[in-house]
């Protein structure tokens, strides 16, 4: 019996070490207590969120993912997407044409009638009244009464619609694909509407050698992104617009794809995809920081509640969370002796090529924030964002994913705030 226990302890130790290889730097696993494939995650603030997945699975948390509990969906169909407009009102959509809605934070879910038998592919729920759905065979639906009625908008062209995103009641974008055409034909399209879907303007088109344009994400009326996969090789590209879709620039995203993207502002965003890829950008998608990992895990959905706090979901019931914006922070308490005062030291070396060290001192226990900003005041990295004991700390900052230039780092703790300048030279 003792031998069996030792074997089990050894096995669990090896398993934990293996699992650690599956976790992208800057993220950690939360306990979902399920082993099913998770397909979508959404949070309304730093504490309240939902996850949906196969076999009608719905999970909810009210403490930022520290604990997750199951809700009764009333279906065994796979739920591919969830979208909440408040802590009370939300939707879940299956892989066909079923719509679930809750008005009491998921205590009860009831079905709505979509009016179509075509497969639904994407949703954009604007507020508690207005929402949009798209799907195959030019399916385009709209509600103005919280889903009590879904009206067919009669999209004019016979296209398969793949992704939809609205920033308000009237302005939105829609990706589409022309079916049954040859490899080199122009078949992928991106449309825009400014009158709630009554009329659509073609803004962009490309060839079929790419996958459909999906997903789409906009943070305002000007700045938006969409992702395609190059079919011949494992290479993904992100298209970015800074003028509301009048022009789009193609940027290399890298292998692994971007099945889900999320931007918190016009510069800082994340992409989740295959091969354990959770990547981030601090310059609007021009450059991406790609962690070196060794897993084939596929991340299906990613969401952030602020510039530091985010979640990603995957198969095997995996829920990941970050409180540093997905940035790996190596900090060490190099002395537990209590300093007389707070202090922030100049980084060294400075200037630096890719990595530099920042030291600081705390005279008492409190919440500590150490962040790096560019010259425009945009946050580019969160190195520390947690409670810490009094002592002297050393933090290694990896700037390999940033462009050369002047940056600033700021330490905030209790009533102490101090900022210093650092220079990155490549």
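Output the residues belonging to the range 83-142 that are in contact with a helix residue (DSSP H, G or I) (Cβ under 9 Å, 6 or more places away or on another chain) and in contact (Cβ under 8 Å) with a residue 60 or more places away in the chain. Correct list: empty. Evaluated against (1) surrounded by fewer than 21 Cβ atoms within 10 Å (Cβ to Cβ); (2) outside any strand (DSSP E or B); (3) in contact (Cβ under 8 Å) with a residue 24 or more places away in the chain, residue 204 falls short on exactly one condition, (2).
All of 359, 333 fail the test of being touching a strand residue (DSSP E or B) at 6+ places or on another chain (Cβ under 7 Å), over 20 Å from residue 287 (Cα atoms), at pLDDT below 85 and not in a loop (DSSP other than H, G, I, E, B), apart from 333.
When the range 356-384 is filtered for residues that are surrounded by fewer than 20 Cβ atoms within 10 Å (Cβ to Cβ) and under 26 Å from the mean Cα position of the chain (by Cα), the ones remaining, listed by number, are 367, 369, 373, 374, 375, 376, 377, 378, 379. Residues of the range 258-267 that are surrounded by fewer than 23 Cβ atoms within 10 Å (Cβ to Cβ) and under 13 Å from the mean Cα position of the chain (by Cα): 259, 262, 263, 264, 265. Each residue in the range 60-80 was checked for being on the phi < 0 side of the Ramachandran plot and either touching a residue at least 60 places away in the same chain (Cβ under 8 Å) or not in a strand (DSSP E or B) (or both), and 11 of them qualify. Inclusion of residue 129 among residues that are out of contact with any strand residue (DSSP E or B) (no Cβ under 9 Å at 6 or more places or on another chain), more than 21 Å from residue 51 (Cα to Cα) and outside any strand (DSSP E or B) is not warranted. Within the range 81-113, the set of residues being touching a strand residue (DSSP E or B) at 6+ places or on another chain (Cβ under 6 Å), farther than 15 Å from residue 146 by Cβ and outside any strand (DSSP E or B) comprises 95, 97, 106.
The values are calculated or read from the model by the stated rules, or taken from the named source; none is laboratory data. Predicted, not measured: the structure shown is a model, and the values here were computed from it. A quick note on method: Cβ atoms are made from the backbone with ideal geometry, for glycine too, and the neighbour counts reach across all protein chains shown.
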